[in-house]
Amino acid sequence: MRIGELSRRAGVPVPTIKYYVREGLIPGGERIGPNQARYDEAHIHRLKLVRAMVEVGKLSVATTREVLSAIDSPGSSLHEVLGIAQAAVTPQVTASDRAGWTLAEQVVTELVARRGWVVKESNPARQALAQLVVTFRDLGQDDLLGVLEDYAAVAERLAAAELAAIGHREGVDSKVEGAVLGTVLGDALIGAMRRLAQADASHRAFEGAAGRAPDPAAR
């Protein structure tokens, strides 16, 4: 197919496709003339993959290139690729208040120990979680930290379910791609799902209670 058809089928404008090619995010097409190239189904899939990372996952072009490189590396294990994807989507944070940061790191370390998680000290998610603990405390929202264990339990079940689903796939390439997309898009997915659940819980707890007629038996 020519680039015009590739654009139509992938839903990506031609200038964007050319930009992705220049940036090394997708391979160039097969040259069939001085200013013409031919593309195939693999290009469509790759374009959709890049679009998902950049537009939905909100990754930078440089980070997307790094993650795609991990997907394309046949020597990388699934665990290694997952680590690269996690590092790509996890913001790097540094301590501001040293005393508060130390206490927050202790909270995270104790949580990891209680759950029995095998997580490296260098995992950026540990620092990201510590930063959130510091922020909650700075804003006087310590009671919300009381549900930290609930967050952990949900995250644990979700991670196990995701990786179990990926594990049933045929082929290493499919598993690797699933691990990356589950990581990159999973945050957006759980965020959207959580907001739906919050809206329902809020209605049941506040709107539903306010709208009910008084119970005569309670007088």
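Summary table below
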{"item": "Residue in the range 18-38 that is in a helix (DSSP H, G or I) and of a type in the set (S, T, N, Q) present", "result": "no"}
{"item": "Residue check, Leu82 out of contact with any Pro (no Cβ under 7 Å at 6 or more places or on another chain), closer than 30 Å to Ala130 by Cβ and in contact (Cβ under 8 Å) with a residue 60 or more places away in the chain", "result": "yes"}
{"item": "Long-range neighbours under 7 Å by Cβ, at least six apart or interchain, first residue under 15 Å from Ile84 (Cα atoms) within the range 170-183, second among the charged types (D, E, K, R) and not in a loop (DSSP other than H, G, I, E, B)", "result": "Gly182/Glu162"}
{"item": "Selection within the range 49-68 - loosely packed, with under 14 Cβ neighbours inside 10 Å and over 13 Å from the mean Cα position of the chain (by Cα)", "result": "Ser60, Ala62"}
{"item": "Criterion: in contact with a Leu (Cβ under 8 Å, 6 or more places away or on another chain) and of a type in the set (S, T, N, Q) - qualifying residue of Thr64, Thr102, Thr90, Thr16", "result": "Thr64"}
{"item": "Tally, over the range 115-133, of residues that are under 19 Å from the mean Cα position of the chain (by Cα) and of a type in the set (Val, Ile, Thr)", "result": "1"}
{"item": "Matching residues, the range 163-176, being farther than 17 Å from Ala125 by Cβ, at pLDDT 80 or above and assigned to a helix (DSSP H, G or I)", "result": "Ala164, Ala165, Ile166, Gly167, Ser174, Lys175"}
{"item": "Complete set of residues in the range 96-146 that are β-branched (Val, Ile, Thr), part of a loop (DSSP other than H, G, I, E, B) and surrounded by 10 or more Cβ atoms within 10 Å (Cβ to Cβ)", "result": "Val119"}
{"item": "Pair list, Cβ < 7 Å and 6+ apart or interchain, from the range 138-154 residues that are farther than 20 Å from Gly116 by Cβ to residues that are of a type in the set (Ser, Thr, Tyr)", "result": "none"}
{"item": "Given (1) modelled with pLDDT of 90 or more; (2) outside any loop (DSSP other than H, G, I, E, B); (3) surrounded by 13 or more Cβ atoms within 10 Å (Cβ to Cβ); (4) of a type outside the set (Ser, Thr, Tyr), number of the condition Glu149 does not satisfy", "result": "(3)"}
{"item": "Single residue of the range 30-43 satisfying the filter (surrounded by fewer than 18 Cβ atoms within 10 Å (Cβ to Cβ) and within 19 Å of Gly11 (Cα to Cα)) that is modelled with the lowest pLDDT", "result": "Ala37"}
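The values are calculated or read from the model by the stated rules, or taken from the named source; none is laboratory data. All figures in this text were calculated on a predicted structure; none of them were measured in a lab. Methodologically, a virtual Cβ is constructed for each residue, glycine included, from the backbone with ideal geometry; neighbour enumeration extends over all protein chains shown.
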